[in-house]
Amino acid sequence: MDWLREEFVRVEGCTALDAFGGTGAVSHLLSQLGWDVTYNDAFQFNTISARALFSPAKMQLSVADVASILRAIQPHPGFIHATFADLYFTDEENAWLDGFMVALAHVEPACKDLLLHCLFQACLKKRPYNLFHRANLKLRQSQVEVQFGNRTTWEKSFAEHILSTFEEVQQMQPSLGSNIRVTAGGAAEDIAPGYDFVYIDPPYFKRARATESYLSRYHFLEGLARYEEWPLLLDAGDRLRRIQTSTINEWTDKTALIKNIEALIQKHSKAKFALSYVSGEYPSEEELFALFSDNFSHVHLSRRAYGRALSKQKFCDLLLIGEP
Ligand SMILES: C[S@@+](CC[C@H](N)C(=O)[O-])C[C@H]1O[C@@H](n2cnc3c(N)ncnc32)[C@H](O)[C@@H]1O
């Protein structure tokens, strides 16, 4: 973030689009730098979290309100309990999640987003690797010593995690700018032009092997975000009960990445354009630099080394900024 801040302060303009917004961290940074920001992401769970964090009607709930909502939740064996047995959470936890979703139906929309955001974070914290790409419930329950993650965190209740996330959000909320608009959520390629600055941070693809899609990693959160339609979204033949890939416009085709980025650049032809990517994977730094050189009269390339949680490997991030 410090690195992006150093690079972004040199870019001039008023309106910025964060087209692959994810957690919203970069939207937040751009907003701190004074930009009028539009946040977008293909997933509803990310869109809901962004709305919860950035919408002006933010904190209508107190810690006491949330504690009281959580105390009133009754486990209710419903869709999650019937569909995801022995996969991601225990039977009791699944019934609690169904009960939470039933209770949420009676909460007003602005508060619903915030409670869902806290629920998504709770679900991630209770998962080994913080993901849903494998079942891994047995791993959580086994007696063997774990090399990563933390049994105490996995075994804390959803309610405890929800409350602590809510307190974190409450603390940071005053620093969150109100100059961030959140789209309804959808494919970056469908957003109309008109921004001074477009920032894209698309999914990264491994050079040597297939890359797990965001849908495969986070399908359970997307299901919670679309709870009513979840039964219809399921991929019937999938052992992990994931959502069908056709329901999300995620960029998953590695061979189409260059073409997809170029189409975005050409659509936003009047904008300054920045791309974040990882170095040493697919496409290469040279290919990305050539793409920018072909499309912009001025190109700036910057690199930064960094480490990742759960990995000993060192990575290098790239930032390319093109000006028409
Ligand atoms: C590398 S992450 C972005 C991380 C983000 N910069 C942050 O700070 O958290 C890529 C994001 O692109 C989203 N995504 C994938 N395909 C998309 C598409 N076609 N349109 C919009 N978003 C997409 C994914 O959901 C994911 O959140």
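Tabulated values for the structure
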| read-out | value |
| --- | --- |
| Of residues in region 23-71 being more than 16 Å from the ligand (Cβ to nearest atom), outside any helix (DSSP H, G or I) and at pLDDT 95 or above, the one nearest to residue 243 (Cα to Cα) | 36 |
| Single residue of region 17-71 satisfying the filter (more than 16 Å from the chain's Cα centre (by Cα) and among the charged types (D, E, K, R)) that is surrounded by the most Cβ atoms within 10 Å (Cβ to Cβ) | 58 |
| Listing of helices (runs of 4 or more DSSP H) fully contained in region 213-324 that carry 3 or more residues being aromatic (Phe, Trp, Tyr) | 214-225 |
| Search result, residues across region 72-116 that are in contact (Cβ under 8 Å) with a residue 60 or more places away in the chain and surrounded by fewer than 16 Cβ atoms within 10 Å (Cβ to Cβ) | 83 |
| Among (1) surrounded by 19 or more Cβ atoms within 10 Å (Cβ to Cβ); (2) more than 16 Å from the chain's Cα centre (by Cα); (3) in a helix (DSSP H, G or I); (4) not hydrophobic (A, V, I, L, M, F, W, C) - the single one residue 170 does not satisfy | (1) |
| Matching residues, region 172-188, being within 14 Å of the ligand (Cβ to nearest atom) and not hydroxyl-bearing (Ser, Thr, Tyr) | 180, 182, 184, 185, 186, 187, 188 |
| Region 189-208: number of residues that are assigned to a loop (DSSP other than H, G, I, E, B), of a type in the set (Asp, Glu) and within 13 Å of the ligand (Cβ to nearest atom) | 1 |
| Residue 188 being under 19 Å from residue 283 (Cβ atoms) and not assigned by TED's automatic domain parsing to the domain that holds residue 84 | yes |
| Single condition residue 152 does not satisfy, out of (1) within 16 Å of the ligand (Cβ to nearest atom); (2) of a type in the set (Val, Ile, Thr); (3) farther than 30 Å from residue 319 by Cβ | (1) |
| Residues of region 227-267 satisfying the condition of being within 14 Å of the ligand (Cβ to nearest atom) and not hydrophobic (A, V, I, L, M, F, W, C) | 245, 246, 247, 249, 250, 252, 253, 254, 259, 260, 267 |
| Residue that is nearest to residue 268 (Cα to Cα), among those in region 1-16 that are surrounded by fewer than 20 Cβ atoms within 10 Å (Cβ to Cβ) and among the aliphatic types (A, V, I, L, M) | 11 |
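The values are calculated or read from the model by the stated rules, or taken from the named source; none is laboratory data. All values derive from a computational prediction rather than experimental measurement. When we count neighbours, we look across all protein chains shown, and the Cβ atoms used for this are built from the backbone with ideal geometry, even at glycine.
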